[in-house]
Amino acid sequence: MKKTLFVLIALFALAGCQKQEVQQQQPTADQQKDIGHKLIMKSLNDLQNKDLKSTIVDLETSIKINPSEPEAYLLLGQILLKVQEYDHAADFLEMAGKTFPDDGTVFYMLSIANKMSGKKLPAVLAARHSVEIFQAQQDRDNMLKSAALLHELIDMPDAAQAKTPPPGGKD
């Protein structure tokens, strides 16, 4: 009986030590922010060296480690727009918009991605939201830029209308 009790106590003691090791391996919130920031800085260096693949991997990793940093989302969104992956950029920026609902730049970029993908209504809605955010933040310059984009989108013909001849018209 004493041997069994001793073995159980030893097992619980070891289990307690293992839990502490696991907890110590988890980075703190400050460490996560620091690692995420370092990855963003590395991505900028990779981008400067024209290593797009590494840049994207660094930014995706930064987002996984520290999902509360909008800079990584914005940089990755810009890269996706630059390489003309408009649908991917729109999907990604829509997710970023859910993470950062008060970031007007995210919605401005989402509007551009949707515009380039030929999705007028989502582009208009994102641009309008960016105008509202910048207006609420009293960011006049960005509000005017978003308003100009919104105006351009509203004046843009619908893709379906552009392909359809007017009633009574000829092809």
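Answer yes or no: is there a residue in the range 59-67 that is surrounded by fewer than 19 Cβ atoms within 10 Å (Cβ to Cβ) and not in a helix (DSSP H, G or I).
yes
Specify which of the listed residues (Asp139, Asp171) is modelled with pLDDT of 95 or more and over 29 Å from Ile56 (Cα atoms).
The match here is Asp139.
Where residues in the range 101-122 are buried (at least 18 other Cβ atoms within 10 Å of the Cβ) and in a loop (DSSP other than H, G, I, E, B), which of them is farthest from the chain's Cα centre (by Cα)?
Applying the filter and picking the extreme gives Lys119.
Restricting attention to the range 85-92, does a residue exist that is out of contact with any strand residue (DSSP E or B) (no Cβ under 6 Å at 6 or more places or on another chain), surrounded by fewer than 16 Cβ atoms within 10 Å (Cβ to Cβ) and touching a residue at least 24 places away in the same chain (Cβ under 8 Å)?
yes
Within the range 18-34, is there a residue that is buried (at least 16 other Cβ atoms within 10 Å of the Cβ), in a helix (DSSP H, G or I) and either in contact with an Asp or Glu (Cβ under 6 Å, 6 or more places away or on another chain) or at pLDDT below 85 (or both)?
Among the residues of the range 18-34, not one is buried (at least 16 other Cβ atoms within 10 Å of the Cβ), in a helix (DSSP H, G or I) and either in contact with an Asp or Glu (Cβ under 6 Å, 6 or more places away or on another chain) or at pLDDT below 85 (or both), which makes the answer no.
The values are calculated or read from the model by the stated rules, or taken from the named source; none is laboratory data. Treat the numbers as computed from the prediction; the structure is a model and nothing was measured. All Cβ positions, even for glycine, are placed from backbone atoms using ideal geometry, and neighbour counts span all protein chains on display.
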